[in-house]
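> Please find one structure pasted underneath; my questions will follow.
The values are calculated or read from the model by the stated rules, or taken from the named source; none is laboratory data. This structure is a prediction, so every number in the text was calculated from the model and none was measured. Don't worry about glycine lacking a Cβ; one is built from the backbone with ideal geometry, like all the others, and counts go over all protein chains shown.
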């Protein structure tokens, strides 16, 4: 995410970050590079101009010029302006209405609107314990209603049936009446998309909005369209009283133009971002965390939250108890760790949130999907073993290795490599003896909440003492407290 922007900004700011004194000349040169980085990221020109001007006026102010570390203070300015441009803080959905709270979803065809309806339903059910009904008012696109029915079943949301011969307003009103009758908390209304904005489309959705009076009207837009995403959102906002925006396909957005432009151009907050094709791949949009990732600072808070949600605590605790009682970390336990990592989106999703992973470093670490391929290969090797071999790797001799290699479709060297890696990990896990290696590592990362360690931030080492801005220690401690204890 934002690989190109991260790389360019990291390079631009690295030179000034260690500067002992700021002058108009070195500020001018750095701002020129920052400006080019933002324009190349397809950020709207008006947004870039305002962004640069605000930084320039503050950077030349007395507070920064007289700071003990003016170069670091300058980087902090860039961070603060990134956060301000994207909206200061996450804005949650407003569901404070007499049930059911109605959420209207709008957007162009191809933005992923119907899938996002299911993702949002899953999010509200799992994280907010809401009872959700979804309905499709798209009577134009072939199979649109069937698609929503399918994804609604996948996430366990109630689907209100509709037909292409019905009127969209009648469909929506029928769904809301059904929700009242069956005590649903939220109704999410999927609307028809178009390949482009047209008068008929706007008239229809305006009439629908007036008829059902939703408490939230969310515009779903493809982040990969960059600046066009913000312009399209503005066009919809001129016709509809939007309350927020959902950016989809953020995981494929190497530029970041949409994320940085939408709030300024529309005046509406980005409330969610889609970060993958899976139905759980919808996350609240936190401007401060996105700014940290753009500047190579990582996103430790989101990583901690992900561990809390996705790691199987029972399996982790079972391994921990065994280790505390002196039991060994066997190959079955290693297989569990691989499965836990997959639940968190694989190695690439994990590394993307670590401080110090710049765009080029991420590309190098995950080139060709190498980590995922390696994990799949190691899983296949372990699954080709007998229960005895998994629990007692020492019994694996030459003939057993040949059989395992044939079963997994690998070479004997690959089996040897896995056994060696397991031995090293078993030693490490014996020392840690905690519910999971991932959790222990995150606890060790708690020191990152106030400063960057070696190699952290800006793609290869922030200046010593540079604060991690707006990283609330209480929030991080609260999240850490939820993780499995020793």
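> Condition test on residue 271, is it under 24 Å from residue 42 (Cβ atoms) and either at pLDDT 80 or above or in the same structural domain as residue 374 (by TED's automatic domain parsing) (or both)?
Yes: the conditions hold for residue 271.
> Looking only at residues in the range 388-397 that are in a helix (DSSP H, G or I) and without any contact (Cβ under 8 Å) to a residue 12 or more places away in the chain, which one is farthest from the chain's Cα centre (by Cα)?
395
> Those residues that are surrounded by fewer than 24 Cβ atoms within 10 Å (Cβ to Cβ), within 19 Å of residue 237 (Cβ to Cβ) and in contact with a helix residue (DSSP H, G or I) (Cβ under 7 Å, 6 or more places away or on another chain), I need them from the range 106-127; list them, please.
108 - this is the single residue of the range 106-127 that is surrounded by fewer than 24 Cβ atoms within 10 Å (Cβ to Cβ), within 19 Å of residue 237 (Cβ to Cβ) and in contact with a helix residue (DSSP H, G or I) (Cβ under 7 Å, 6 or more places away or on another chain).
> Applying the selection to the range 181-203, what residues are in contact with a strand residue (DSSP E or B) (Cβ under 9 Å, 6 or more places away or on another chain) and not in a loop (DSSP other than H, G, I, E, B)?
186, 187, 188, 189, 190
> Okay, moving on. Name the single residue that is farthest from residue 247 (Cα to Cα) among those in the range 206-230 being part of a helix (DSSP H, G or I) and either modelled with pLDDT of 90 or more or not assigned by TED's automatic domain parsing to the domain that holds residue 259 (or both).
Filtering the range 206-230 for residues that are part of a helix (DSSP H, G or I) and either modelled with pLDDT of 90 or more or not assigned by TED's automatic domain parsing to the domain that holds residue 259 (or both), the one farthest from residue 247 (Cα to Cα) comes out as 211.
> Could you list, ordered by first residue, the pairs with Cβ atoms under 7 Å in which the first is in the range 400-425 and over 14 Å from residue 331 (Cα atoms) and the second is loosely packed, with under 13 Cβ neighbours inside 10 Å, at least 6 apart or interchain?
Taking only residues 6 or more apart or on different chains, the pairs are 405/411; 412/402.
Residue by residue, here is whether (1) farther than 23 Å from residue 224 by Cα; (2) at pLDDT 85 or above; (3) surrounded by 16 or more Cβ atoms within 10 Å (Cβ to Cβ); (4) over 31 Å from the mean Cα position of the chain (by Cα) holds:
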site: 10; (1), (2), (3), (4): no, no, yes, no
site: 13; (1), (2), (3), (4): yes, no, yes, no
site: 20; (1), (2), (3), (4): yes, no, no, yes
site: 37; (1), (2), (3), (4): no, no, yes, no
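> Are any of the residues in the range 296-311 crowded, with 17+ Cβ neighbours inside 10 Å, modelled with pLDDT of 70 or more, in contact with a helix residue (DSSP H, G or I) (Cβ under 9 Å, 6 or more places away or on another chain) and under 30 Å from residue 229 (Cα atoms)?
So far as the range 296-311 goes, no, none of its residues is crowded, with 17+ Cβ neighbours inside 10 Å, modelled with pLDDT of 70 or more, in contact with a helix residue (DSSP H, G or I) (Cβ under 9 Å, 6 or more places away or on another chain) and under 30 Å from residue 229 (Cα atoms).
> A further question follows. Which of the residues belonging to the range 129-148 are out of contact with any helix residue (DSSP H, G or I) (no Cβ under 8 Å at 6 or more places or on another chain) and buried (at least 19 other Cβ atoms within 10 Å of the Cβ)?
The answer is 145, and nothing else.
> Exactly one condition in (1) buried (at least 21 other Cβ atoms within 10 Å of the Cβ); (2) closer than 18 Å to residue 172 by Cα is false for residue 185; which is it?
(1)
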